[in-house]
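Note sheet for the following structure.
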Amino acid sequence: MPQDAESRLVRQLQGGDLAALGTLFESFKDGVFRTAWAITRDERAAEDILQECFVRLHRYAASVDPQRPLKPWLYRVTVNLSYDWLAKKQALQPLDDVLEWLSGLSNVFPAPDHKAEEQELHRMVRDVIAELPTSHQTVVVLFYLENLSLEEVAEVLEVPVGTVKSRLHYARKRLRDALTQRQRPVPEIAYEFT
């Protein structure tokens, strides 16, 4: 959505226009849901977080700056709600979809006869990411799954850009080390520098 249209919708929402909230919901619901689901690994929780995120947008619309992009604000709320859910649940689930994307399996094992190796690599990558601290997993989700820039991830998490880079570096290093120990081809993502 273009920034000027987004700004107009936020101003309309601040004026009490619920149709503007509906339009914003339609524009951002998929990314908010994916992020909540990737962090919580619970579809019902992700649906609840999605709804609560937009309830908060409505409730706190007056505090949203219409001149700034809305996406970082929504993702910050989503991440915070997801963290709250995890704290209550006290159980961290693996990030299957993110890991499959991260591992670049289609590039590593393009032939169908390598299905067992592909599944082993997928499991290995999933296990390594699942061992990361929640804050590192969240950076991986926002940067790789939601394609936010380093600056946007920093804004969402309210940390310096250097912290985001450090967490991404740590996650990639853990993945590279684990794959190297198992003598597997290391996905290109493990060597990517930001």
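The values are calculated or read from the model by the stated rules, or taken from the named source; none is laboratory data. What you see is a predicted model; the values in this text were computed from it and never measured. No Cβ is skipped: glycine too gets one built from the backbone with ideal geometry, and neighbour counts run over all protein chains shown. These area figures cover heavy atoms from the full protein model, side chains too; ligands, DNA and RNA do not enter into them. Shrake-Rupley method; radii C 1.70, N 1.55, O 1.52, S 1.80 Å.
Every condition in (1) at pLDDT below 85; (2) open to solvent by 20 Å² or more (accessible area, probe 1.4 Å); (3) not small (Gly, Ala, Ser) is met by Tyr170 except one, and the failing one is (1). The one condition from (1) within 17 Å of the chain's Cα centre (by Cα); (2) surrounded by fewer than 19 Cβ atoms within 10 Å (Cβ to Cβ) that Leu50 does not meet is (2).
From the list Leu9, Leu86, Leu57, pick out the single residue that is part of a helix (DSSP H, G or I), open to solvent by 10 Å² or more (accessible area, probe 1.4 Å), out of contact with any strand residue (DSSP E or B) (no Cβ under 9 Å at 6 or more places or on another chain) and modelled with pLDDT of 90 or more. Every option except Leu9 fails the conditions. Among the residues of the stretch 14-32, the ones that are touching a residue at least 12 places away in the same chain (Cβ under 8 Å) and either in contact with a Ser or Thr (Cβ under 9 Å, 6 or more places away or on another chain) or not in a helix (DSSP H, G or I) (or both) come to 2 in all.
Scanning the stretch 48-63 for residues that are within 22 Å of Asn147 (Cβ to Cβ) and either touching a helix residue (DSSP H, G or I) at 6+ places or on another chain (Cβ under 6 Å) or not aliphatic (A, V, I, L, M) (or both) returns Ile49, Leu50, Cys53, Phe54. Name the pairs: first residue in the stretch 159-175 and in contact (Cβ under 8 Å) with a residue 12 or more places away in the chain and more than 15 Å from Ala130 (Cβ to Cβ), second residue in a helix (DSSP H, G or I) and open to solvent by 50 Å² or more (accessible area, probe 1.4 Å), Cβ to Cβ under 9 Å, at least 6 apart or on different chains? From residues that are in contact (Cβ under 8 Å) with a residue 12 or more places away in the chain and more than 15 Å from Ala130 (Cβ to Cβ), the pairs are Val164/Glu151; Arg172/Tyr191. Against the conditions (1) at pLDDT 90 or above; (2) surrounded by fewer than 16 Cβ atoms within 10 Å (Cβ to Cβ); (3) not in a helix (DSSP H, G or I), Arg44 satisfies every one except (3). Among the residues of the stretch 152-165, those that are out of contact with any Gly (no Cβ under 9 Å at 6 or more places or on another chain) and either open to solvent by less than 40 Å² (accessible area, probe 1.4 Å) or modelled with pLDDT under 90 (or both) comprise Glu152, Val153, Glu155, Val156, Leu157, Glu158, Val159, Val164.
With respect to Leu9, is the statement that it is touching a Phe, Trp or Tyr at 6+ places or on another chain (Cβ under 7 Å) and under 22 Å from Arg59 (Cβ atoms) true? Here the answer is no, as Leu9 does not meet what is asked.
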